[in-house]
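To keep things clear, I will list the structure first and then write my remarks on it.
Bear in mind that the values in this text are calculations on the coordinates, not laboratory data. All values derive from a computational prediction rather than experimental measurement. Every residue, glycine among them, receives a Cβ derived from its backbone with ideal geometry; neighbour counts consider all protein chains shown.
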Amino acid sequence: MSAYRHILLGLDLSVESHQVVDRAAALRDAFGSELSVIHVIEPLSFAYGGDIPMDFSGIQEEIHKQARAHMTQLCDPLNIPEKNRHLVVGRPETEIHHVAEEIGADLVVVGSHGRHGLSLLMGSTANGVLHGAKCDVLAVRVKSHDK
């Protein structure tokens, strides 16, 4: 197997994110790869279907600010340069595919919570990333803290 040259780590910034970060960093170190990180913020209008006539801009800005701070906490110890940190707004699967192609990633690493029932039926971000990817995808099984 040839080494991965550029790994894109997709983060949801959950409490368990460090598990996925650790795996991606280990792969980076093992292969001598470049590592980029992406977090996708879904617009609040997506959640409400655009049916509620409210201005979400202040809330959206706060979400963006908190996401950037959390990303900094995860990326700084790994010496991931600013140019390799992608904080974007949109649908996670779509944006992860877009950035992966844009940067020439040959591996995407995402966390998988292994949900069952309705959330499995509805699909997950990891599943969405897997099905549209033009490169390898590694879904890291995340152990929940509440179990």
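Per-residue packing, averaged as other Cβ atoms within 10 Å, sorts the ranges 72-79, 37-44, 85-92 into the order 37-44, 85-92, 72-79, beginning with the highest.
Taking 0.36 nm per residue of separation and subtracting the Cα-Cα distance, full extension of the segment from Gln66 to Ser14 would add 17.5 nm. Coupling constants for the range 84-100 follow from the phi torsions by the Karplus curve (6.51 cos²θ - 1.76 cosθ + 1.60, θ = phi - 60°), and in residue order they are 9, 10, 10, 10, 10, 10, x, 8, x, 4, 4, 5, 5, 4, 4, 5, 4 Hz; glycine and proline get x. For Val89, the amide hydrogen comes within under 5 Å of the amide hydrogens of Ile41, counting only partners 5 or more places away or on other chains and with H modelled in the peptide plane. Within the straight-line cut-off of under 17 Å between alpha carbons, the aspartates and glutamates reachable from Lys83 are Glu34, Glu95, Glu101, Glu102, sequence neighbours fewer than 8 places apart in one chain being disregarded.
Sorting 13-20, 95-102 by average packing, meaning the other beta carbons within 10 Å per residue, from highest down gives 95-102, 13-20.
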